[in-house]
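Below: the structure, in structure tokens.
The values are calculated or read from the model by the stated rules, or taken from the named source; none is laboratory data. Given the structure is predicted, the values throughout are model-derived calculations rather than measurements. No Cβ is skipped: glycine too gets one built from the backbone with ideal geometry, and neighbour counts run over all protein chains shown. Accessible surface is based on the protein model in full, side chains and every heavy atom, while ligands, DNA and RNA are left aside. Shrake-Rupley method; radii C 1.70, N 1.55, O 1.52, S 1.80 Å.
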Amino acid sequence: MRIIELNINDVSSRYNLPTTWSEVTLEQYSKLMLLLDDEDSSEVNTIIKTLETLLGIDGTTLIKVPLKQLKKVYVELGALTSTLPKNELTRVIDVDGTAYGFIPDFDNLTFAEFVDLDTYLQDAWNNLDKIITVLYRKITKIDGDKYNIEAYDVDATRKRRDIFNKGLSIDTVYGAIVFF
């Protein structure tokens, strides 16, 4: 992260600007991809929405910042957005001290998992958190490189969505998106 200063109503405020994908959450990335897919969005709207998403500043606050400053920060974000997150599949991830494992064997995918994944993939950017909660579940047993994950449970995936949205960087799970 890099600290940037923006003038809002002649008052200088400091914000964190992500410089790597490991500093961008799953939720932020999903919002960013939805924004970038919107072909009808104007340049100024894209700048405002991108900064709103990645800096965590409300749009009503951002519109009070001089356009010159916003464009400068947006250009700085270009270094980040001109690259892709890591596309290596991370099989085991840690979120707040809990280990989650990627589905170890797709040959044993249940019908419920398949149907949910198929449904979520119809609108992938809006459902990115749901997709990741199906693919990654708590590890129940681990033996070297092999592990077992908890059985698929829709209620458990709902509980994990917020944890994953806020606690996972896109760099951590992008490989699963590419893999799947």
When you go through Asn127, Asn165 one by one, which is the residue that is under 19 Å from the mean Cα position of the chain (by Cα), free of Cβ contacts under 8 Å to residues at least 12 places away in the same chain and surrounded by 14 or more Cβ atoms within 10 Å (Cβ to Cβ)? Asn127
Consider Asp116 carefully, then state whether it is over 29 Å from Leu80 (Cβ atoms) and modelled with pLDDT under 95. no
Helices (runs of 4 or more DSSP H) wholly in region 20-124 with at least 3 residues that are touching a residue at least 60 places away in the same chain (Cβ under 8 Å) - which ones? 26-37, 67-81
Can you tell me which residue among Thr50, Thr46 is farther than 12 Å from Val73 by Cα, of a type in the set (Ser, Thr, Tyr) and open to solvent by less than 80 Å² (accessible area, probe 1.4 Å)? Thr46
The condition of being in contact with a Ser or Thr (Cβ under 6 Å, 6 or more places away or on another chain), of a type in the set (Asp, Glu) and under 27 Å from Thr19 (Cβ atoms) holds, among Asp162, Asp96, Asp171, only for Asp171
Taking region 125-160 and the residues there that are out of contact with any Phe, Trp or Tyr (no Cβ under 9 Å at 6 or more places or on another chain), part of a helix (DSSP H, G or I) and hydrophobic (A, V, I, L, M, F, W, C), the one that is farthest from Val95 (Cα to Cα) would be Val154
Within region 76-95, restricting to residues that are over 16 Å from the mean Cα position of the chain (by Cα) and not aliphatic (A, V, I, L, M), the one that is surrounded by the most Cβ atoms within 10 Å (Cβ to Cβ) is Arg91
Suppose the filter is surrounded by 12 or more Cβ atoms within 10 Å (Cβ to Cβ), touching an Asp or Glu at 6+ places or on another chain (Cβ under 7 Å) and over 16 Å from Ile170 (Cβ atoms); does Leu62 pass it? yes
